[in-house]
Each structure stands twice: as C-alpha cells, then as structure tokens.
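Visitor: Take this structure first; my questions come after.
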Amino acid sequence: MSFPKGFLWGGATAANQYEGGFDEGGKGLTAVDVMTNGSATTPRQVTWTRADGTTGQSPMVWGADFKVPADATPAMVPDAYYPSHGGTDFYHHYQEDIELMAKAGFTTFRFSIAWSRIFPTGEETTPNEAGLAFYEKVIDLCVQNHIEPCITLQHYDTPLALVQKYGGWQDRRLVDLFAHYAAVVFKRYAGKVHYYTTFNEINAMDEAPYLGGGLTDPTPQNRAQGAHNQFLASAKAVRAAHELNADIQVGMMLAYQPVYAETCNPADQLAVMQNMEHGLFYADVQAGGAYPKARLIQYEKAGIHLDITPEDEALLRTYPADFLGFSCYTSSVITADPTRDENAQGNLGGGTVKNPYLETNAWGWATDPIVLRLALNTLWHRYHKPLFVVENGLGWADEVAADGQIHDDYRINYLRYAVQSMQDAINEDGVEMIGYALWSAIDLVSNGTGEMKKRYGLVYVDRDDWGNGSLKRTPKDSYHWYQKVIATNGDDLA
Ligand code: BG6
C-alpha cells in the first residue's frame, strides 16, 4: 500500500528566512526586515523609530500583545542584527540548492515570493522587472528538473511601507494591492507554476498579528478586520487565477495543531472544542466559503464591527480556495483549569500543559508520531478539499560530527512517523492528498526565534546565529534517507 502515483514529494522554505539579498535587485523592505533575532527564552524584537530620531524595540510575544508605540513606525535601527537580511542566501545559491533538491528526487519545491521584490512598496503599478526575473530563473530551473513549484504569495513579509503607512492588513486598501500583485505573478509564470498558496498560516492573524498581517496595533477589532481583508484578497487571487485559465490551483494555508484534552472532564473537552473551532474558523471561510455563525456571535459579544458587505460574502462564497495546504509540527494539550499553565510550546503558541507521553526538542515542541494522521483526517472530513502538507519537520541544534557529516537520526525518526502517518491516512482512512513538502528543504533562519541553530533542513548550511560562516551546503543523513523514500514513493522507510 504505497502513495498514489504522482504524489508530490519535496521540501519548503520562505523568502524571509532563506532568501537573503534583502536590499538587492530593487527589493523593498518587509515587516520581517525590522525583526531582530531572539532565542528559546528571549522573544524577537521589532525595532522602530520616532519622528524625533529616537529609536526603540518591542518584543514580539506570541499571543497578541506586541505593539509599536503610536508615535513610532517600524524601521531598522543601528547596531541591531536582522537575520532575514542574509537568510541562508538562496538569492546567490539558488542554482546549487535546486540542484541538491533535484538530486534528492524532489518533485515539488515550496518557496515564497517576497511581495516587496515585485512591488517594493506594495503600491507601484508597474512591477520591478529584476524581482520577476529572479523568480523566473528559480522557476525555470525547477521546471527543467521536473520539480513542480508551489509558491506562497505572502509568508509573513508584508511590505514594510504598507505596515508604516496603513498599519498593516487591517486596512482594506491592501486587498486590491495584493490582488494586483497576485495577478501579475500568475500571468508572468503562467504555464510553469500550477500551485500557489496565498497567505502562509493565515491564522497567525490571531496568534502573531505582526507576522501574519503586519499589524502595529493588534486590537481584536484590527485582527478581525485584518483576517477579513486577507480572505477577500485571497478570494480575488483565486478569481484572477481562474480567469487566466492557466491550469493554476490557488490554495489556502493554515497552521494546524491537533489538540488533546488533558482529562475526560467535560470542561476540558469543551475547552478543546472551542480551541479547535477558533483555529478552524479560517479554513471555514477560505475552504468553506462563509463565516461560521459562532465567530460572528463572538465578534458581536466583543463589540467588534466587521466591515463586510454582501459583495464580500458573494466573493468568498464564489471563490473558495482550490486546496487546503497546512503546516503541522506537533500536537498540544489543553486543560480548562485556569490555575495550570506549564508554558507548553508549539507552533504559533501551543497548549497549556505538557504531554507526559511525548518527548520534546530543546524548544519544547513535542514529537507526536500520529499527528499528521489526525490532522489529515480532521481536515479531510470537514472540508473535502485535497490536502497538501506544506510544512512538517523537526527543529534541532544539529552538530557537525568529526567526519564532517551531520548524523541526524532524530530527524529521520520524526520524518519516518510523518510518512507512515500520511500513508495510513491515505490507505486506511481514505484521505486525498496532493503532496508533502517538509520543512525545510535547506537550513534557514527560525521564524519564531530568529536563530540559525534551530535547524530543520535536509541540508546543513554553515552559518551561525550572528550571520558568520561560509554558507557551505552539506547534505545531512536525513537527506539521503529522504532520497530513498522518494525513489520508492514512500515504500522504503528504513
Ligand atoms: C511555521 C512557519 O510556523 O513554522 C515557518 O510557517 C516556520 O515560517 C516554521 O519556520 C517552524 O517554526 P520555527 O519558529 O521553529 O522556525
């Protein structure tokens, strides 16, 4: 019982963590270009300046409490280190990296286009040719190597100019700016790119609104409107792709983390149900085409006034996402007991208590052997849209051994569970999948901490937390393991 013929195997990356070349080729700055590095215990900071020239920084804490002071704008400041500026330098290493992906047998490569490389401030009418040409070289190389590109249009990197001028995605004017950007990209790469996703982890608008939507004032009102504006922009992108009729599928992308109740106390079960619905709301709108009533009731109770018109509702209904892409790294555990918070970690936050049955990495993310099977089942039975796992992987402080190699058997164990889980979901549970793009194809900067040492790649990159290193690429043991998995279409997991 193996994977379906044509199942896409590959890896994923994101421009702001990987690409570098932040001020080359006419690229404008992005929201992430003013974020410093942090660590497992110290949050990343967003730096800012005031009109009088004074500078400062605010911690980006998971949840919604990050805020730029009202009289300041996010900006680069002297002496701060910004890991997105160099990433792991895909901008200058793309040929070598795509060659490595091809040798591993990749049939898909998920990467993101930096909107500000195409429209430096987000508001130009004419695109930056150097930006379009860069991605064209990347895409052409993929196609020559039989690698299907899967492109994210915004992976946490709202153009900084839109953040400074409008306060981010809470402003409806971003909808048409994004739709224009999407249409330009679809047209330019028509016939070469068949898979796009619009917003990476769209539910970050709740948990990390600066990353998700460039929000500088993340009130509940602004987050609700920011999400709505992204829904509209996404639907307009779907419409533009279908009108172009170039065999393009435009998916959504959700951060999904199965949630367990700590006990069979009904209060814990209710807390789990509410937590799940809170996250799945985003897919209800994008994959299902309409707001769930529960969310509207919550908005009303919280005094949130959504700017939503009947035309908006028709747009969402008529142009839902073609497929559901999602990231899934771990599971989390919830208790309704407000006195217990063990600060359990996971993607975009995590649960409240630790899972005593599971091991964690140094950043507290648990390795759950069946997490993908659970996620795939929940999403398939609720939406009946083809599913694409566009992120899944293990962050680890890999070391180079005395023989110059990276023996990451812990990552192989993690990935083996993941592949087995997908196989079970397809063959036992009847789930339909497009493919699997693990995180990450090549080592890159961690999004949550800005560190280099939290590595996910199949390929090691010689670079440290402060940007030192030769950038030399070395395939890890997991690279060779994955090569065999792909060659046997998921049959040989040994
Ligand atoms: C997802 C993001 O949240 O998880 C990626 O889409 C990110 O950008 C990945 O890198 C892993 O998270 P982290 O914080 O360990 O880099």
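Visitor: Could you list all residues from the stretch 321-345 that are within 13 Å of the ligand (Cβ to nearest atom) and surrounded by fewer than 23 Cβ atoms within 10 Å (Cβ to Cβ)?
Guide: Ser327, Gln345
Visitor: Could you look through the stretch 186-213, keep only residues that are within 14 Å of the ligand (Cβ to nearest atom) and assigned to a strand (DSSP E or B), and pick out the one that is nearest to the chain's Cα centre (by Cα)?
Guide: Result: Phe199.
Visitor: Here's a follow-up. Is one or more of the residues making up the stretch 287-302 within 30 Å of Gln225 (Cβ to Cβ) and touching a Ser or Thr at 6+ places or on another chain (Cβ under 8 Å)?
Guide: Among the residues of the stretch 287-302, at least one is within 30 Å of Gln225 (Cβ to Cβ) and touching a Ser or Thr at 6+ places or on another chain (Cβ under 8 Å), which makes the answer yes.
Visitor: It is to be established whether one or more residues within the stretch 129-145 are closer than 27 Å to Asn222 by Cα and among the polar types (S, T, N, Q).
Guide: no
Visitor: So which residues in the stretch 413-439 are touching a Lys or Arg at 6+ places or on another chain (Cβ under 8 Å) and over 23 Å from Cys150 (Cβ atoms)?
Guide: Asp424, Asp429
Visitor: Restricting to the stretch 346-367, count the residues that are buried (at least 18 other Cβ atoms within 10 Å of the Cβ), within 15 Å of the ligand (Cβ to nearest atom) and not small (Gly, Ala, Ser).
Guide: 6
Visitor: Residues of the stretch 417-446 being within 16 Å of the ligand (Cβ to nearest atom) and in contact with a helix residue (DSSP H, G or I) (Cβ under 8 Å, 6 or more places away or on another chain), which ones?
Guide: Ala418, Tyr436, Leu438, Ser440, Ala441, Ile442, Leu444, Val445, Ser446
Visitor: May I pose another question? What are the residues in the stretch 280-294 that are of a type in the set (Gly, Ala, Ser) and either buried (at least 20 other Cβ atoms within 10 Å of the Cβ) or in a loop (DSSP other than H, G, I, E, B) (or both), if any?
Guide: Matches in the stretch 280-294: Ala283, Ala287, Gly288, Gly289, Ala290.
Visitor: Then there is this: If you take the residues in the stretch 472-493 that are part of a loop (DSSP other than H, G, I, E, B) and buried (at least 18 other Cβ atoms within 10 Å of the Cβ), which one is farthest from the ligand (Cβ to nearest atom)?
Guide: Checked the stretch 472-493; the qualifying residue farthest from the ligand (Cβ to nearest atom) is Gly490.
Visitor: Which residues, taken from the stretch 99-153, are under 19 Å from Ala182 (Cβ atoms), touching a Leu at 6+ places or on another chain (Cβ under 8 Å) and of a type in the set (Gly, Ala, Ser)?
Guide: Ser112, Ser116, Gly122, listed by residue number.
Visitor: Output the residue which, of all residues in the stretch 125-171 that are in contact with a strand residue (DSSP E or B) (Cβ under 7 Å, 6 or more places away or on another chain) and in a loop (DSSP other than H, G, I, E, B), is nearest to the ligand (Cβ to nearest atom).
Guide: His155
Visitor: Here is a follow-up. Which of the numbered conditions does Ala437 fail, given that it passes all the others? Conditions: (1) in contact with a Ser or Thr (Cβ under 7 Å, 6 or more places away or on another chain); (2) among the hydrophobic types (A, V, I, L, M, F, W, C); (3) surrounded by fewer than 17 Cβ atoms within 10 Å (Cβ to Cβ).
Guide: Condition (3) is where Ala437 drops out.
Visitor: A further question on this structure: Going through the stretch 12-30 one residue at a time, which ones are under 16 Å from the mean Cα position of the chain (by Cα) and not in a helix (DSSP H, G or I)?
Guide: The answer is Ala12, Thr13, Ala14, Glu19, Thr30.
Visitor: In the stretch 382-398, what residues are within 16 Å of the ligand (Cβ to nearest atom) and either of a type in the set (Ser, Thr, Tyr) or part of a strand (DSSP E or B) (or both)?
Guide: Answer for the stretch 382-398, where residues must be within 16 Å of the ligand (Cβ to nearest atom) and either of a type in the set (Ser, Thr, Tyr) or part of a strand (DSSP E or B) (or both): Phe388, Val389, Val390, Glu391, Trp396.
Visitor: Next question, about the same structure. Inspect the stretch 243-250 for any residue being of a type in the set (A, V, I, L, M, F, W, C), surrounded by 20 or more Cβ atoms within 10 Å (Cβ to Cβ) and either in contact (Cβ under 8 Å) with a residue 24 or more places away in the chain or part of a helix (DSSP H, G or I) (or both) and give the result as yes or no.
Guide: Yes, the stretch 243-250 has at least one match.
Visitor: Filter the stretch 368-381 for residues that are within 16 Å of the ligand (Cβ to nearest atom) and of a type in the set (A, V, I, L, M, F, W, C) and give the result. Spell out the reasoning first.
Guide: We begin by selecting, within the stretch 368-381, every residue within 16 Å of the ligand (Cβ to nearest atom); these are 368, 371-372, 375.
Result: Val371, Leu372, Ala375.
Visitor: Taking the stretch 31-58 as the region of interest, how many residues are assigned to a loop (DSSP other than H, G, I, E, B), under 24 Å from the mean Cα position of the chain (by Cα) and surrounded by fewer than 24 Cβ atoms within 10 Å (Cβ to Cβ)?
Guide: The number of residues fulfilling the criteria is 8.
Every number in this text was worked out from the coordinates using simple rules, so none of it is lab data. These figures come from a predicted structure and were not determined experimentally. When we count neighbours, we look across all protein chains shown, and the Cβ atoms used for this are built from the backbone with ideal geometry, even at glycine.
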